[in-house]
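Everything below concerns the one structure shown next.
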Amino acid sequence: MGAAVRDAGRLLPVAPLRSLGAYLDHGGGAGLVGARHIGPAEIIGEIGAAGLRGRGGAGFPAAVKWRSVADGGPGARYAVANGAEGEPGTFKDRALMRANPYAVLEGLLIAAEAVGARHAFIALKASFEPELTAIRRALSEMDEAGWLEGIEVTVVTGPEEYLFGEEKALLEVIEGNEPLPRWLPPYLHGLFATAPQLGWQAHDPDAADPGGHSANPTLVNNAETLAQCAWILAHGADAFRRDGTLASPGTMLCTVVGDITRPAVLEVPMGTPLRSVLDACGGPLPGRQVKAVFPGVANAVLGAELLDTPLSYEAMEAVGSGLGAGGFVVYDDTACMVEVAAMLSRFLYVESCGQCPPCKLGTGDITAALDRIRTGTGHDADLGRIEERLRIVTDANRCYLPVQERIVVSSILRAFPDDVAAHLEGPCPSPRPSLPTPKITDLAEGIVTYDPRQDRKRPDWTYDP
């Protein structure tokens, strides 16, 4: 058994913070005051000394990203908080914005100071009503208290699509377009950039542009990353490093759902064994054993033999997977991995935007082949079809979605060959009555609610009746 989880409690308070005064009592505000005292270079230096890595999935060093924007090409600078969480198995940013919206906004203001942005945005899905209420309330209080100091902060609401959370597509939504990823990353082609026109949709040039290229380097960080920055500026890099590992310092927010006794969002020191986090959620359901854990839909599946893996970037990479955004979907020994593979592949197929034909057509073909295997009508040729499509699904990709398809599907087929073989011989030997896509709409007091519309979503982003 893993060691008991120690609740780090840096970002998630015991009870939601309902006022700016409560946030101040909780120790908030000191990070922004300190940041404005030391200035941009020292802010980025402190984030670098802390070793903070982005909590949105890729784990990229935050200070490197901030410096690339601050020192980037011509034009204005912008800072963006990505609150458009939508990956299956994740709810930690939403839990954070509900319980401590002030930390997210304080981190956004610190980021704006660091890169020289005078306009900042926080983007959430329009369906995130509790989070929008909390963010708008917090922003209004902070504005009235004089915290913004000339930085304009705009709340942007967007569509339900998964790609809204992809940083290049997020910028398109802020500009009033569909969530279709651009070619170039935000630090090269940011908000309201005048050229080159490399989005899926052409934009009108900025009327104020004199004719040259304004790159407008833009910083995009997810909600937890920004809240961690506020904590670092308040307490210092050394204090941040007291938790975690050398390469993965600090704490992280974890979402645990699926075949688990008490689904929850937890804040734990990085390096905590996955088994300990599952134990803190009550472990598997009575009489069952964990069969597989999925770190979202961006990393390889973890079998039961890997449950003692520490939750750090380096340890997860060493076992051939990844930490992702800290969302873990648990399946016990009643689950068929072919069913899971077909369901996750369908999610990625449906959410693919279609700009890159190898992605849309490839994820569709893979899903169709998995469906045939799932229903007992598949053949060995379907495995060959899947293998062929996995090789080319990422050709000319604008975003990471087809890479996710390749990683997740191939890892399931490798890790659970017996499940696949059983399906090639006939119908599923262990069908579950219901295996919904674990896209979370609510998680509170041990009860998780999945989006009932997701399994009715069509590949053109409309819905079956």
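The values are calculated or read from the model by the stated rules, or taken from the named source; none is laboratory data. Being a predicted model, the structure only gives us computed values, none of them experimental. Virtual Cβ from ideal backbone geometry, glycine too; neighbours counted across all protein chains shown. Just the protein is used for accessible areas: all its heavy atoms, side chains included, with ligands, DNA and RNA removed. Shrake-Rupley method; radii C 1.70, N 1.55, O 1.52, S 1.80 Å.
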| task | Hey, could you check the stretch 54-67 for residues that are touching a Leu at 6+ places or on another chain (Cβ under 9 Å) and within 16 Å of residue 229 (Cβ to Cβ) and say which is modelled with the lowest pLDDT? | result | 59
| query | Name the residues in the stretch 234-259 that are closer than 27 Å to residue 445 by Cα, open to solvent by less than 10 Å² (accessible area, probe 1.4 Å) and in a loop (DSSP other than H, G, I, E, B), would you? | reply | 250
| query | Condition test on residue 460, is it at pLDDT 95 or above, surrounded by fewer than 16 Cβ atoms within 10 Å (Cβ to Cβ), in a loop (DSSP other than H, G, I, E, B) and among the acidic types (Asp, Glu)? | reply | yes
| said: Quick check on the stretch 260-304: of everything there that is of a type in the set (D, E, K, R) and either surrounded by 24 or more Cβ atoms within 10 Å (Cβ to Cβ) or not in a strand (DSSP E or B) (or both), which residue is farthest from the chain's Cα centre (by Cα)? | reply: 288
| query | Between a first residue in the stretch 256-271 that is without any contact (Cβ under 8 Å) to a residue 60 or more places away in the chain and a second residue that is of a type in the set (S, T, N, Q) and part of a strand (DSSP E or B), which pairs have beta carbons less than 9 Å apart while being 6 or more apart in sequence or on different chains? | reply | 270/251
| task | Sort through 22, 58, 50 and tell me the only one that's of a type in the set (A, V, I, L, M) and over 24 Å from the mean Cα position of the chain (by Cα). | result | 22
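Listed here are the residues, each with its yes/no results for (1) touching a Cys at 6+ places or on another chain (Cβ under 9 Å); (2) at pLDDT 95 or above; (3) open to solvent by 10 Å² or more (accessible area, probe 1.4 Å); (4) not in a helix (DSSP H, G or I).
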site: 97; (1), (2), (3), (4): no, yes, no, no
site: 106; (1), (2), (3), (4): yes, yes, no, no
site: 114; (1), (2), (3), (4): yes, yes, no, no
site: 120; (1), (2), (3), (4): no, yes, no, yes
site: 131; (1), (2), (3), (4): no, yes, no, no
site: 135; (1), (2), (3), (4): no, yes, no, no
| message | When you check residue 110 against the structure, is it of a type in the set (A, V, I, L, M) and farther than 25 Å from residue 26 by Cα, yes or no? | response | no
| field | Complete set of residues in the stretch 412-456 that are in contact with a strand residue (DSSP E or B) (Cβ under 9 Å, 6 or more places away or on another chain), under 19 Å from residue 291 (Cβ atoms) and not in a loop (DSSP other than H, G, I, E, B) | value | 412, 415, 448
| From the residues in the stretch 418-452 that are open to solvent by 80 Å² or more (accessible area, probe 1.4 Å) and out of contact with any Asp or Glu (no Cβ under 8 Å at 6 or more places or on another chain), which one is modelled with the lowest pLDDT? | 433
| Criterion (modelled with pLDDT of 95 or more and open to solvent by less than 10 Å² (accessible area, probe 1.4 Å)) met by exactly one of 126, 70, 79 | 79
| Mind checking which residues of the stretch 26-47 are open to solvent by 30 Å² or more (accessible area, probe 1.4 Å) and modelled with pLDDT of 95 or more? | 30, 33, 36, 37, 38, 40, 41, 42, 45, 46
| Out of the stretch 165-177, which residues are over 18 Å from residue 359 (Cβ atoms) and either touching a residue at least 24 places away in the same chain (Cβ under 8 Å) or of a type in the set (Val, Ile, Thr) (or both)? | 170, 171, 173, 174, 175, 177
| field | In the stretch 82-110, the residues that are touching a Ser or Thr at 6+ places or on another chain (Cβ under 9 Å) and of a type in the set (A, V, I, L, M) | value | 95
| request: Just name the residue that is modelled with the lowest pLDDT out of those in the stretch 174-228 that are loosely packed, with under 15 Cβ neighbours inside 10 Å and of a type in the set (S, T, N, Q). | output: 197
| query | Among (1) touching an Asp or Glu at 6+ places or on another chain (Cβ under 8 Å); (2) within 14 Å of residue 113 (Cβ to Cβ), where does residue 86 come up short? | reply | (2)
| task | Show the residue pairs that are 6+ apart or on different chains and have beta-carbon atoms under 7 Å apart, the first residue being within the stretch 178-189 and under 15 Å from residue 66 (Cβ atoms) and of a type in the set (A, V, I, L, M, F, W, C), the second being at pLDDT 95 or above and open to solvent by 50 Å² or more (accessible area, probe 1.4 Å). | result | none
| note | Across the stretch 214-233, the tally of residues that are outside any helix (DSSP H, G or I) and either free of Cβ contacts under 8 Å to residues at least 60 places away in the same chain or among the β-branched types (Val, Ile, Thr) (or both) stands at 2
| task | Could you list, in sequence order, all residues of the stretch 141-164 that are within 17 Å of residue 125 (Cβ to Cβ), open to solvent by 30 Å² or more (accessible area, probe 1.4 Å) and assigned to a helix (DSSP H, G or I)? | result | 162
| Which one of the conditions (1) more than 30 Å from residue 51 (Cα to Cα); (2) in contact with a Cys (Cβ under 9 Å, 6 or more places away or on another chain); (3) β-branched (Val, Ile, Thr) does residue 340 fail to meet, given that it meets all the rest? | (2)
